[in-house]
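This report refers to the structure that appears directly beneath it.
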Amino acid sequence: MNFHLPKPLHGWRAFVGEVGIIVLGVLIALGFGQIVQEWQWHDDVRTTRQALANELANAANQAAMRVAVEDCLRDRIGELAAKLKASRGPWTGDPMPLASDAQFTPHWDNRSMGRVYAVPLVGWSQDAWDTAKSAGVLDHMGHAEVASYSDVYGEIAGIRDYQNQELLLESSLSFLSSDQQLDDQSRNGALGKLGQLDSLNATNAGLSNLLIEQMKRLHLLLDRASRSKQL
C-alpha cells in the first residue's frame with residue numbers, strides 16, 4: 001500500500017519557510033519572556049537587598065545598644081548577689097532603680113510586682129529575611145552573599161533566644177523587690193539565677209559585638225546605620 005503526503009498549497013519550499021517563521025516567532029517570544037522574567041528577578045533582588053539592609057541596620061543599632069549596657073547590667077547583678085550573700089533572714093526589697101527621665105512603657109511596665117533586673121527588650125526582626133526565603137529571591141543571589149546573610153541572621157536568632165531566657169529569669173526574681181523573710185533555699189535559688197543572667201548578659205553582648213563586625217564586612221547600603229556613630 002502506498003501513502004502519498006498531501007503537497008503544500010504553495011510548495012514545500014514555501015511551507016518550510018512558513019514553519020521556520022513560526023518557529024522563529026515562538027523562539028523570539030520565549031526569549032523575550034525569559035528576558036522579562038530575568039528583569040523581574042533582578043528588580044526583586046534589588047528590592048530585597050534594600051529591605052535586608054534596612055532591617056539589618058536596625059539590628060546593628062540594637063546590638064550596639066546591647067553592648068553599651070553590658071557593664072551596667074553586670075554591675076546590677078553583682079550588687080544583688082552581694083546583698084543576697086550578706087543577708088541572713090530578713091530581706092529588704094530592692095526594686096530596680098530607674099533613671100529620672102525613664103519612659104514608662106504601657107503593658108510592659110504595668111506590673112503588680114516590681115522588677116529587680118531589667119533585660120533590654122528588643123524585637124530583633126527578621127521579616128525581610130523570611131520573606132526573601134519564602135519568595136525564592138535567594139536563588140537569584142550569589143552563594144557567598146546568601147551565606148553572609150545567613151550567618152548574620154543566625155546570630156540574630158541566637159540573641160533573640162538568649163534574650164527570651166533572660167526575660168524568664170528576670171520575672172522569676174521579682175519576689176526580691178519586696179520586704180520578706182528569705183530562707184536559704186530562696187536565697188541560693190536567686191543566686192543561681194543571677195549567675196545564669198550574668199552568663200547570658202556576657203553571651204548576648206558578645207554575640208551583639210560579633211553581629212556588628214559581620215555587618216561591617218557585608219558592606220551593605222545601610223541608610224540608617226551609616227549615620228550612626230555606634231557603628
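Go through VAL67, VAL146, VAL152 and list them by solvent-accessible area, largest first, probe radius 1.4 Å.
Largest accessible area first, the residues go VAL67, VAL146, VAL152.
Regarding segment 105-202, what whole-number volume in Å³ per residue does the convex hull of its Cα atoms give?
Values: hull volume 11.5 nm³, N = 98.
Spelled out: Cα convex hull of segment 105-202, divided by residues, is 118 Å³.
Mind checking which aspartates and glutamates have their C-alpha under 12 Å from LYS193, skipping anything on the same chain fewer than 8 residues away?
By straight Cα distance, LYS193 reaches GLU166, GLU170.
Please calculate the 1.4 Å probe accessible area of ARG187, with all protein chains present, and give it to the nearest 10 Å².
The value for ARG187 is about 20 Å².
I need the calculated FRET efficiency for the pair ASP161 and LYS85, taking r as the beta carbon distance and R₀ as 35 Å, to the nearest 0.05.
Approximately 0.70, to the nearest 0.05.
I want to check the label-to-label distance for ARG217 and GLN181. Put each point 7 Å from Cα in the C-beta direction and report it in nm to one decimal.
The two pseudo-label positions are separated by 5.8 nm.
Expected output is a single nm value to one decimal: the length gained when fully extending between THR47 and SER172, i.e. 0.36 nm times separation in residues minus the C-alpha distance. What is it? Spell out each step's value before the answer.
Numbers: separation 125, 0.36 × 125 = 45.00 nm, distance 4.35 nm.
Fully extending the segment from THR47 to SER172 adds 40.7 nm.
The values are calculated or read from the model by the stated rules, or taken from the named source; none is laboratory data. Keep in mind the model is a prediction, meaning the values are calculated, not measured. Neighbour counts run over all protein chains shown; Cβ positions are idealised from the backbone, glycine included. Side chains are part of the model used for accessible areas, which takes the heavy atoms of the whole protein and leaves out ligands, DNA and RNA. Shrake-Rupley method; radii C 1.70, N 1.55, O 1.52, S 1.80 Å.
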